[in-house]
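Engineer: One structure coming up, written as structure tokens, with questions to follow.
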């Protein structure tokens, strides 16, 4: 009886999740009249704007990861080592991006960093790129921090640091050569999550007027019929790829941990 | 008519038979221990009594009522788990009152009963605390009070002391026994610790590979084990392979020394066995080389080798008696009443 | 001296958080109380009471509540089915992986997927028409509506719930259930008096997260409906882009309103959590 209900819950859930995927794939193949074809994909991939925006977003995603790591790893490490009382504060700050809508944050950027302000970042394309990058790093902050902090919790930060210091290592070397490699698995899982979030991000890129993949998809969706479905399939595949690699890494890291 | 009847219980998980034909009668107010190594089926029998497992065959009767088909919540049984299993979201008082509350007892009646139970376990002031604010021993006492509050017909204790420190373990087991006798509640206590079982039980069931090897009072189990497994599992046992010289009078040869038991024995080869306190030092007897001496306060423990076996001998502390030194040769003399004759296990027949 | 050194180590982080998270937000909040000359005023907040804006907040809150409640319920049911429903053990791993993917599959592509499925010529719409003769659009269904949006949001809300609640469900000890049972409790009594109170903080936190998650979502709704469904983030988006409200400061007030709603939701969460967690360390 209980098992019957469980199966029912699972099957209905599976239907809800699989139908849109099937529907999208089916729709993306319908471009040529009367026959299934890959025309929509061909059309998307041949579009120079697709390549340009996708490339831009990949670049932004990678930079976001770098910025996120540089920002979060030393901080999380330092707080665990020297300022444990500060942890709740840091945690609270890293959770804020889940509470304050991204649209509000970017609205603030536009107001704070406009051409007539002290720091006129929106005045130039380069400046706006930096602003968007920082916005993305803010969006990724909750996930990055959680991942790294969990990674740090599995090792004895204090003893490792003292051991390295007794061997004469400086801070840069300790963080770069000791802490980072030890939390690499955690950093990677945070990184792929960030990648998945940034690659299709729409709100910030659209409001800062940057040629990113998210606004491109939206534009295509407003003007074409079948290509958006193909794009959705591609986006889903990218997300799935990120999550798959993330799980693989955490599994490998887990295996390495249990092996040693 | 026994109060709790376990009528030829069997339990299999898939192809593995965990409990073979377990049959037992428990009298009202009796304290029974199931003793055995892990995997011997003792917990499975207990869980069948509680109703968490359904027997593959056999029946369970409580006070004449067949409960085999009843769900756990219909059996009126109290149970204490190894890991306390207190509800972390409820206060001590609410934990103790849980069984009464789900039974629909009004609040006004619950309060006094909860207070009575907290008095019983010696924690009258703790009602308002949450489980995490208590020590392990206190938590387990609360778990006992919770199990007893709805006045169950049978109390089941599933290794309740295993998670506790040695010192608390002893005091809590004495407290459990006291409360049990005060309430006169029929109790089954599962443990792998023979000292625990020997110290608080009316009767012990020694279990081995899903079978009750022997059932008896602690003294019977300790002094007259009927199987080789029971003899070895309960207490320390010294074993001497023996050759039968005369079965009728019980004349045996042990390690070059002849011993007469004065009672008939079966045909050989046999194993002559004795507890550490069943050996004494004497002028003549089985020669043994002392390998170590431990002073344990009230008891001195002598380790030696005799007849190719490692031997442990205990004797009471005597301030004036000299202790043998390691390397010395002594003679071990049998105390007749202490010797046990066991059939030699096949593996030991060379 | 020493503590000063220690603080230096976290300065980059706090500088970043101040520049790109806190100051921009503060700026908006302050802007909501300023008139165009920079003086203090409550007129902007009064502007929020315009029927159009009140309606947009109402529908936004409705969609967020509906998708958070349904997301919690359905996600809980699915997680419970897998953790304690007697299903084969291999189902859990793929479900968790899929949840990880689906919870991040939001934004523009999600809207495309639902248009391709439940749009006017979507697969399910067509199949229902061909196989069963059911025309859901004739029956009043519209993807560009309250229920359409809620249904779409559930695609990331349910998996998020599954991801968060599954470990919590696995943390329920078997002995708690058995202890309750042997004390005479029925299954529903066990859930009401033990399991749900223990899970309550996690449930509450997830609910607050799901609420904020859908309340601030722009991309899905925008790609799905254009500007035809005026939920708050869409109106704000249009306002930032082209000042459709003819009053820039009303935009600040709307943004402030959004912070207020998510902030109050989280405040309620914190208060309820502290009360629900009295039994915790």
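Throughout, read-outs are computed from the coordinates displayed, never taken from laboratory work. It should be emphasised that the depicted structure is a prediction, and the values quoted were computed from it without experimental measurement. With ideal geometry, Cβ positions are generated from the backbone for all residues, glycine too; neighbour counts draw on all protein chains shown.
Engineer: Counting helices only, and only those DSSP H runs with n ≥ 4, report the 222 nm mean residue ellipticity of chain A as the sum of -39,500 (n - 2.57) divided by its residues, in deg cm²/dmol to the nearest 500.
Structural biologist: Helices in chain A give a 222 nm mean residue ellipticity of -25500 deg cm²/dmol.
Engineer: A further question on this structure: What 222 nm value per residue comes from the helices of chain B, counting each DSSP H run with n ≥ 4 as -39,500 (n - 2.57) and dividing by all residues, nearest 500 deg cm²/dmol?
Structural biologist: It lands at -7000 deg cm²/dmol.
Engineer: With a bin width of 5 angstrom, please list the P(r) values of the range C:50-276 as percents of all Cα-Cα pairs, from the 0 bin to the one holding the largest distance.
Structural biologist: So the P(r) values, bin by bin, are 1, 6, 12, 14, 15, 15, 13, 9, 7, 4, 2, 1, 0, 0.
Engineer: Just from the alpha-carbon atoms, what are the Rg and Dmax of the protein assembly as shown in angstroms?
Structural biologist: Every Cα atom of the protein assembly as shown included, Rg and Dmax give 36.9, 121 Å.
Engineer: Sorted from fewest to most neighbouring beta carbons within 10 Å, what does the list C:206, B:68 look like?
Structural biologist: The order, fewest Cβ neighbours first, is B:68, C:206.
Engineer: Report the relative contact order of the range A:120-260, percent, no decimals, based on alpha-carbon pairs under 8 angstrom and at least 6 residues apart.
Structural biologist: 26
Engineer: Where both residues lie in the protein assembly as shown, what percent of DSSP beta bridges are antiparallel, nearest 5?
Structural biologist: Here the share of antiparallel DSSP bridges comes out near 75 percent.
Engineer: A further question follows. How much of the DSSP beta bridge set in chain B is antiparallel, as a percent to the nearest 5?
Structural biologist: For chain B, the DSSP antiparallel bridge percentage is about 75.
Engineer: Please rank C:153, A:41, fewest neighbouring Cβ atoms within 10 Å first, as an exposure proxy.
Structural biologist: A:41, C:153
Engineer: Moving to a separate point now. Using alpha carbons only, how many degrees (0 to 90, rounded to 10) separate the axis of helix A:157-166 from the longest principal axis of chain A?
Structural biologist: The two axes meet at around 50 degrees.
Engineer: Tell me, how many Å apart are the Cα centres for the range C:4-35 and for the range B:242-279?
Structural biologist: 91
Engineer: Let me ask something else. How would A:92, C:156 line up from fewest to most surrounding beta-carbon atoms within 10 angstrom?
Structural biologist: The order, fewest Cβ neighbours first, is A:92, C:156.
Engineer: Take chain C, connect every pair of alpha-carbon atoms lying under 10 Å apart with a spring to form a Gaussian network, then pick out the residue of C:210, C:224, C:21 with the largest mean-square fluctuation.
Structural biologist: Sorting by GNM fluctuation, first place goes to C:21.
Engineer: Quick one: Cα convex hull volume of the range B:4-232, Å³ per residue?
Structural biologist: Per residue, the Cα convex hull of the range B:4-232 comes to 124 Å³.
Engineer: With n ≥ 4 as the cut-off for DSSP H runs, can you work out [θ] at 222 nm for chain C, using -39500 (n - 2.57) per run divided by the number of residues, rounded to the nearest 500?
Structural biologist: Counting only the DSSP helices, I get -23500 deg cm²/dmol.
Engineer: Does anyone have the angle between helix B:92-102 and the longest principal axis of chain B? Alpha-carbon axes, 0 to 90°, nearest 10?
Structural biologist: 70
Engineer: Further, regarding this structure: Could you please state, rounded to a whole Å, how far the C-alpha centre of the range B:1-45 is from the C-alpha centre of the range B:284-304?
Structural biologist: Rounded to whole Å, the Cα centres lie 39 Å apart.
Engineer: While we're here: Sticking with the crude label model, points 7 Å out along Cα→Cβ, report the distance from residue B:105 to residue A:125 in nm, one decimal please.
Structural biologist: Rounded to a tenth, the inter-label distance reads 8.0 nm.
Engineer: Please work out the C-alpha center-to-center distance from the range B:145-172 to the range B:54-101 and express it in whole Å.
Structural biologist: So the separation of the two Cα centres works out to 14 Å.
Engineer: Then there is this: Which values, in whole Å and largest first, are the semi-axes of the equivalent ellipsoid of the range B:7-127 obtained as the square root of 5 times each eigenvalue of the Cα gyration tensor?
Structural biologist: 32, 16, 14
Engineer: Roughly how tilted is helix A:48-81, in degrees to the nearest 10 and between 0 and 90, from the longest Cα axis of chain A?
Structural biologist: The two axes meet at around 20 degrees.
Engineer: Where Rh is the Kirkwood radius over the Cα pairs of the range B:237-348, the temperature 4 °C and the viscosity 1.567 mPa s, what D in µm²/s does Stokes-Einstein return?
Structural biologist: 90
Engineer: Can you give me the pair-distance distribution of the range B:177-319, C-alpha pairs, 10 Å bins, whole percents?
Structural biologist: For the range B:177-319, the binned pair fractions read 10, 31, 32, 20, 6, 1 percent.
Engineer: Can you compute the equivalent ellipsoid semi-axes for the range A:114-260, i.e. the square root of 5 times each eigenvalue of the Cα gyration tensor, sorted largest first and rounded to whole Å?
Structural biologist: 37, 24, 9
Engineer: Here's a follow-up. If I model chain A as equal point scatterers sitting on the Cα atoms and use the Debye formula, what is log10 I(q)/I(0) at q = 0.07, 0.08, 0.16 Å⁻¹?
Structural biologist: Per q value, in the given order, log10 I(q)/I(0) is -0.34, -0.44, -1.23.
Engineer: A follow-up question, please. What residue among B:92, B:45, B:67 has the largest mean-square fluctuation in a Gaussian network model of chain B, using Cα springs under 10 Å?
Structural biologist: Largest GNM mean-square fluctuation: B:67.
Engineer: While we're looking at this one, here's another question. Mark the label point 7 Å from the Cα of residue B:59 along Cα→Cβ and return the residues of the range B:31-46 whose backbone N is within less than 20 Å of it.
Structural biologist: B:45-46
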